[in-house]
1. List pairs: first in the range D:319-346 and more than 9 Å from chain B (Cβ to nearest Cβ), second among the aromatic types (Phe, Trp, Tyr) and in a loop (DSSP other than H, G, I, E, B), Cβ under 6 Å, 6+ apart or cross-chain?
2. Just to be sure I understand, how many residues within the range C:305-314 are under 16 Å from C:Tyr389 (Cα atoms) and surrounded by fewer than 19 Cβ atoms within 10 Å (Cβ to Cβ)?
3. For the range A:271-286, does any single residue satisfy the condition of being of a type in the set (Phe, Trp, Tyr) and in contact with a strand residue (DSSP E or B) (Cβ under 6 Å, 6 or more places away or on another chain)?
4. Quick check on this structure: which one of D:Ser115, D:Ser157 is within 24 Å of D:Glu267 (Cβ to Cβ), touching a Ser or Thr at 6+ places or on another chain (Cβ under 7 Å) and not hydrophobic (A, V, I, L, M, F, W, C)?
5. Report, by residue number, each residue of the range C:327-364 that is within 14 Å of chain D (Cβ to nearest Cβ), open to solvent by less than 40 Å² (accessible area, probe 1.4 Å) and over 22 Å from the mean Cα position of the chain (by Cα).
6. Of all residues in the range C:175-209 being hydroxyl-bearing (Ser, Thr, Tyr) and either in contact (Cβ under 8 Å) with a residue 24 or more places away in the chain or out of contact with any Lys or Arg (no Cβ under 9 Å at 6 or more places or on another chain) (or both), which is nearest to C:Ser144 (Cα to Cα)?
7. Residues C:Gly292, C:Gly321: which one is more than 25 Å from C:Asn184 (Cα to Cα) and open to solvent by less than 20 Å² (accessible area, probe 1.4 Å)?
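The values are calculated or read from the model by the stated rules, or taken from the named source; none is laboratory data. Everything quoted here is computed from the prediction, not taken from an experiment. Using ideal geometry, Cβ is built from the backbone for each residue, glycine included, and neighbour counts are taken over all protein chains shown. Heads up: the accessible areas ignore ligands, DNA and RNA and are worked out on the full protein's heavy atoms, side chains in. Shrake-Rupley method; radii C 1.70, N 1.55, O 1.52, S 1.80 Å.
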Amino acid sequence: MKIYRNKNKQAKEKSAGKHLDKDAISPEVDENIETIKQRLGDPFDFMARSYSYGKDRFALCYIDGMVSKDDLERTIVYPLMDWLRENDSFDTIGDRDFRQHIQIPTKMKETTSLSSTMDDLLRGNIVLFVQGRRQAFIASDQEWATRAISEPESQTLIRGPREGFVETLSINATLIRRRITNPALRFKSFVIGKVTKTQILVTYIEGYVNENALKEVINRIESVDTLEVYETGMLEELMEEKGYSPFPTIQSTERPDVVCSALTEGKVSILMEGTPFVLIAPTTFMSFFQAAEDYYTRFDLSTFIRMIRFISFWISLALPATYVALTTFHQELIPTNLLVSLAAQREGIPFPALIEALVMEGVFEILREAGIRMPRQIGPAVSIVGAIVIGEAAVAAGLVSPAIVIVVSLTAIASFANPYYSISGSARLLRFILMLFAASAGIFGMIVFTLALFIHLVSLKSLGQPFLSPLAPLSVKKQKDAFFRFPLWWEDRKKKKKVGG
Amino acid sequence: MQDWKTTMKANKTTREKIVLAIVWGFSLYYIIGYLAGIDPFPITVWLKAIYGPIYHTLFGG
Amino acid sequence: MKAVYTIFIFTVMVFTLAGCSGRIELNDLLLITSVGIDKGEGDRVKLTFQATNPQAQAGGQGSSGAGGSTNPDYTFESEGYSVNEAVNNARNFISRKLFFSQMSMLVVGEEMAKEKGVKEILDFLERHYEIRDNYFFLIAKDSSAKEILSTLTPIENNSSKTIEKLINISEGSVGIKDGITLENFIRWLYGEKRSPVALGIKKKEKNSNVSNFDTLNDIDGNPNSIQLTGLALFNEDKQVDWFTKKESSAWGVLTGRSADIQNFTFHCPDGDGRIGILLKDIKGKAVPTLKGNQLTYRIKMSGQMNLQEMSCRLKLTEEQGANAIQTAVSKGLEKQLVETVRKAQKLKLDFFGIQSQLFKNHPKSWEKQKDNWEALYQEMKVKADVQVYIESPGARLENNYESK
Amino acid sequence: MNLQVSRFQFFSIVLNFIIYSSILMAPGITVINAKQDGWLSMLLALGVGLAANFLYLMLFKKHGYPSLFELMDRSAGKWIGTALNIVIVFYALHLTAMVVRNLSNFMITDVSPYSSPYIYQILILLVVAYTSYHGVKNLFLISELFTPFISLFVIGSLIVIIKHFKIIELKPFFYNPPSAILEGAYSTLGFPFIEIMLAGAFLTYVKRKDKLVSIALSAIAIGGAVLVITVILVIGNDSAYIVARESYPTYSVMRDVSLTTTFKRVEIIIGIAWIIGLFFKISTCFCVAMMGIKHLSKSKTFRGYIVPCAILVWAMSNGLHKTFIDFTNFVSMDWTLYWFTLYSFVIITMLIGLARKRA
């Protein structure tokens, strides 16, 4: 990676000197094509077709596979040929006529810079060079193989739209446009990544957006200095506050409806070419527990389910630690009958409870990772082995007690009960640290860790907005959508100007 | 607006240095005394000597 | 950033140096479910620990297989000149750490309670951090604590669990709510200057030897049973006498610790039939009043009853019949209460907290008469007024013995 | 660091400070002297404490809510002011050390006696250092966040013990001589009610200053009321005699509660609430000390002083008292007078400052 970067730098420095005069477009069509070919290193998929009519020539350049070839002839070549047939020569016509005529195909722009021509070419546009002209005409007719819009796999629901974002930026923008048909919806385009030159869109609703957050987002995007981005996850990491935190301070989603709801709340979202995951910022801790479906089902049920999510987050964070603390420090807190059966289960187990818990949690994490990475065909094999290893065999062999199996599986189930994968990842990570604290000072250690965790959380900021927002600093007004989901008719969900976050 | 990724580090003034030295000095003096098993700053004894008699005159016993 | 590293280094230090102190694994613990204390040889005390046998409790799961073939519990004996010493001696032959938190009762042998008193036991148990003060305090009647604890009882297999359930669930015929805990005992003895009482427990058949697991295969459950008896009465910390079961339940009614539901049986007002009732919600006051030199104990109670059985010649369908039963029951109860107080007076011991009630309600007049307590108590008049109403005659109104 | 604190955050800090200082010990301390009239002592202490704090806060208001340390400098002149500030810083550190000791005492007497007290002291000091490293603002934020939860814990605990409450245990009312009641009140007066004057250091940072006096006083009053109720309930549950025997009577009372046969270990709830509450108290005192040192050194941040002070607090918490008994006796006999001295000094200084202002 490093070598590559250095090489790149050298190459850039070398070419920098000659850059200015080379950027001009030559009136000779073939010369232009040659230059581009040379600069791109004569790629196999670079297509250049020249057409002559008498001494008039024009040429189309495009990258194979990024352009709709069917339309190419119909929209650009035929009209131009027709026109030439009628008018003899390009020379005889005024500029205006030419441009009007050439509007026939899809949207078109013109440029005099060769390098921007090349950028457009690489983004899947068609470049038209005309003999004797120092401009290039760029028609955008991108079409390449994309995934069809399908149900998002990371955030599924029972009731609600089934559409998810895809890897194509323009389609994603359309998905948002279709939900918010408001002239105030804004898309601001940026290009980041020195090498990848990835296009991103900052989306917000003018007049509703939290201006500070917007300013902050743009400021941070502009100051991102990186060579490559392929996924919003990378951008997220580059944009977050400094300092180390296991918690994500920028939310990501695959669902257009979630993005739209965030936009109306005054938040900013960032779309990127090549990934279905869209960033939402600023975000709060609470919003990681709010699924889109909460607003599509009845409020009482949603509130209940939201409570379940909070509880399961806590379980997935603290249950193994609680088990360790209770069984090794605070046996007096366990009811007698339970203690007797726990003690009976622990008979003959060679490991201390901490090691037992750590090993089993570790095994589970391995299984989970294997389950995600493995080829689909091996799936049943892994699940059988996993079930036998952490379920039956380990207990029967007397390696671990049945109680810890229950604890681990409850933890595992609880960690899946969250609409956002990123926040349950935090719980996964912190669980192990919490277990160490529990094993060194019992419940006291857990309390100390929890305090430290919350101090960290209250000091976290998401784009300058407090991360634990409706709770600390406390805002009674915003409580209606924090722990509870109050009925929508209680008060119109007024999206005030400064709500974001 | 650029400060979200930079840390501010100011140089210490003389006054700060003196206070810091006193704080560290007292802290180390106390902890070494404590670890060595002597009471390096017997504030409890002094306070008892001062307030004990007052308490007993107030409430007897 | 420097501070972050400092914190990190400190954390590592904490985990490595001081960490894990006070930690103990479950399989290093021996759960003590009850402790028995008897008089040992000479000056010594003999402690009996009943501990769960974790291997057996696994019940079906694990290698031991059939859950009925091993003892659910073990008892250990250990002697010493003080309780602490005896516990320490036990550490010499018990391989695990004795764990007292889950202890549910303390049983003291009658001999010990009568001759040596329980004072020195109490201090150890109270000071011990693991031991809660709210476990039951029992005196083993006519036997040693060891005998009670090493009895394999039917149904529960385990004497301490049996006793716990006897007190909590079936409440026995003694009918005392929540039993009597050590904390109650201490409070009465030291806090209120009241003569304490403790629950009594005894074997159903005195001479049966049932500490072998095989006896549980005998269908005859009686020989291994243990049963609640009347309360043990203490003077200071030494046991002096026993209440009968009737007196015990009267004590419960008088001190407001009576169970919600109690069974009573009384004689018919005329003839030799019997009335069996279920007494519910007996509530009221037993208040001592002091007028000059005359102490009066006024008992005013009211309650509901359900008729359980009746073999009197009374017609329940008529009002007189119902009234007659009510009076009979009320009078019977009154008599029972009065007799109980009389017995206490005879023993010159105040089991009802009369002194502390006097002090709390009439501190001034009590101050004057305090030194004269013994005489006052001897002369105390007892006035009982009990009203019991029939709530339900049971599922049947008429009875088989009605005089036609 | 532009510190701004909302009124509710200030309220929550004061409330936590008052309640958790002595919710576990208050019944024991008052009952030793005042027997079943312990609650009366508590009430008296609350009354006196409210009056004392009213005076203190009014003087603050008259001065226009400056920072405590600046106020000392301004009122008593540079030299005496600096001396007074050093004394205040020492008081704060001393209090921190005492509370840390109290916490570890509790852990090793009632929770796990085989463990070393050091681990509890070091762990709590680590988290306190971490808090102060993140700044006072976050202390207030986390207090705001946790207050509802731990308040629920306390209320729940109190409700649980109501069931066995017997009024007769409180009788005879007003039986004990006034001197005994006064003595009981004396012990708890310093304990939370005069110590709370340290929170005055934060007054200047509260965003909206109107009604600030009444907010602070109501926090003290509510906290005190909770303590009075606790004392009443605990005595009514366990009788004065048993309460006086215990080191942490509230915890013991909770220990004996069983809601149902399986759920009988409810004391952990009050234990957790208490540990979290004490964390707030320790952090508050520690931050006040830090702010004092920051003022003395005129630096922008106090981060450099956290580590030495934390080490000092740890050593002090172990070094000040050799034994548990010494600690308890000192707290019940000398502590209030000790704090009253500081209180009088500060009040006198503030009065002098007022007089100077007028002149």
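1. From the range D:319-346, no pairs qualify.
2. Counting residues in the range C:305-314 that are under 16 Å from C:Tyr389 (Cα atoms) and surrounded by fewer than 19 Cβ atoms within 10 Å (Cβ to Cβ) gives 3.
3. yes
4. Going through D:Ser115, D:Ser157 in turn, just one is within 24 Å of D:Glu267 (Cβ to Cβ), touching a Ser or Thr at 6+ places or on another chain (Cβ under 7 Å) and not hydrophobic (A, V, I, L, M, F, W, C): D:Ser115.
5. Pass one, the range C:327-364, residues within 14 Å of chain D (Cβ to nearest Cβ): C:352-364.
After this cut, where a residue has to be open to solvent by less than 40 Å² (accessible area, probe 1.4 Å) as well, the list is C:352-358, C:360, C:363.
Of everything in the range C:327-364, those that are within 14 Å of chain D (Cβ to nearest Cβ), open to solvent by less than 40 Å² (accessible area, probe 1.4 Å) and over 22 Å from the mean Cα position of the chain (by Cα) turn out to be C:Gln355, C:Gln357, C:Leu358, C:Lys360, C:Pro363.
6. C:Ser208
7. Result: C:Gly321 is the single residue among C:Gly292, C:Gly321 that is more than 25 Å from C:Asn184 (Cα to Cα) and open to solvent by less than 20 Å² (accessible area, probe 1.4 Å).
Residue-wise test of (1) surrounded by fewer than 18 Cβ atoms within 10 Å (Cβ to Cβ); (2) assigned to a helix (DSSP H, G or I); (3) facing another protein chain (nearest Cβ under 7 Å).
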position: A:Leu342; (1), (2), (3): no, yes, yes
position: A:Pro350; (1), (2), (3): yes, no, no
position: A:Glu356; (1), (2), (3): no, yes, no
position: A:Met360; (1), (2), (3): no, yes, no
